[in-house]
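Report on the structure given below.
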Amino acid sequence: MKQLSPICIIALISSCFFSLNTSAQTSTATQVSLANYPIPHDVPASLKGVNQTANTSYDLVYNTAFINEFKAINPGTMRFPGGTFANSYDWQLELNDSTNLNLKNTIQLANEVGAEINYVINYGTTTPAEAAELVHILNDPAQTYEDLRLTYFGVTAPVGVKYWELG
């Protein structure tokens with residue numbers, strides 16, 4: 001007889017508990033089976049990441065110790081400017097804030113550690129047209145957007161943000 005894994009036992013106990021606590025006494029059992037020899041696979045770097053929020057102190061991320069440790073974990077992606085915080089984040093206004101991480105610093109940090117940016121769109125105070133314009137600014141190779149990237153971020157090449165998140 002095969003031994004049940006701890007997960008199967010928990011599933012059976014849970015199933016029994018729920019069946020005992022229902023008004024219609026049914027006897028059902030749930031069995032969860034796991035492969036005896038799962039096939040190992042690498043998790044793509046793009047699925048591993050960190051939430052790098054715009055209210056992070058610039059000094060905490062721009063120092064040699066942090067950069068070295070951050071590179072070592074190979075973050076894959078950096079979610080910026082954060083979660084709920086992003087719903088009111090004005091990336092253009094924040095470019096003038098030298099105390100906190102902003103989009104310009106995030107682009108530099110992503111390049112330094114080899115990560116991609118997962119940008120969280122501000123849907124609280126930004127229009128769809130403004131959000132679409134940011135997509136172009138960061139990704140469009142046209143001369144107009146190259147000039148804007150140089151003005152805003154000090155780079156001319158497309159940043160290549162592939163991941164965009166709402167909220």
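When the C-alpha atoms of region 34-152 are aligned to their principal axes, what extent does each axis show, in angstrom, from largest down?
Answer, in whole Å and largest first: 54, 33, 30 Å.
Top to bottom by accessible area (1.4 Å), largest first, where do F80, F66 land?
The ranking, largest first, comes out as F66, F80.
With every protein chain kept in place and ligands, DNA and RNA left out, what is the accessible area per residue of region 83-141? Probe 1.4 Å, answer in Å².
Dividing the accessible area of region 83-141 by its residue count gives 48 Å².
Per the 1.4 Å probe, what fraction of the accessible area of region 22-150, in percent, lies on carbon and sulfur atoms?
Of the solvent-accessible surface of region 22-150, carbon and sulfur hold 54 percent.
The values are calculated or read from the model by the stated rules, or taken from the named source; none is laboratory data. What you see is a predicted model; the values in this text were computed from it and never measured. All accessible areas refer to the heavy atoms of the entire protein, side chains included, with ligands and DNA or RNA removed. Shrake-Rupley method; radii C 1.70, N 1.55, O 1.52, S 1.80 Å.
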